[in-house]
Amino acid sequence: MRLADERFEELVAEAVDGLPAAFAKRLQNVEVTIERWPSRRQLRAVDTPHGHTLLGLYEGVPLIERTSGYGMVLPDKITIFQGPIEEMCSTDDDIRSQVRHTVVHEIAHFFGISDDQLRKMGAY
């Protein structure tokens with residue numbers, strides 16, 4: 001299913017705006033962007049196996065690793081990839097749900113929660 005770019009942006013904004021206040025207020029020095037597809041560099045950076053892709057990607061210094069010397073740095077970046085999400089979903093509601101899951105997953109990485117920890121928590 002293919003959405004208009006504006007509609008996909010609305011779904012990402014909805015997912016970010018729907019975060020609990022305790023998490024949202026700690027999102028400092030991070031930007032959420034949307035790209036159509038992950039680049040080869042992004043796929044290689046996280047050792048994505050051949051034939052697989054990414055739905056989202058966190059790039060930066062996790063909050064728990066920031067020290068008192070952290071400052072004057074470019075914002076961390078969370079990228080949500082529209083194409084792969086649309087390819088795996090068949091309805092607007094499916095896309096909304098997957099976007100929310102992906103945004104929460106990448107924000108968990110911002111807070112320093114690894115994929116292994118997310119699995120143990122039952123996140124996927």
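Computed from the coordinates by the stated procedures, all read-outs in this text should not be read as laboratory data. As the structure is a prediction and not an experimental result, all values here were calculated from the model. All Cβ positions, even for glycine, are placed from backbone atoms using ideal geometry, and neighbour counts span all protein chains on display.
Annotations for the structure displayed:
- Counted charge near LEU55, where neighbours are those whose Cβ lies closer than 12 Å (Asp, Glu -1; Lys, Arg +1): -3
- Estimated FRET transfer efficiency (ARG40, SER68; beta-carbon r; R0 41 Å; 0.05): 0.70
- Label separation (GLN28 vs ALA13): 2.6 nm, computed from points 7 Å beyond Cα along the C-beta direction.
- Computed 3J(HN,Hα) for the range 65-71, one whole-Hz value per residue from the Karplus formula 6.51 cos²θ - 1.76 cosθ + 1.60 where θ = phi - 60°, is 9, 7, 10, 5, x, 6, x, glycine and proline marked x.
- Longest to shortest principal axis, alpha-carbon extents of the chain, angstrom: 45, 34, 31
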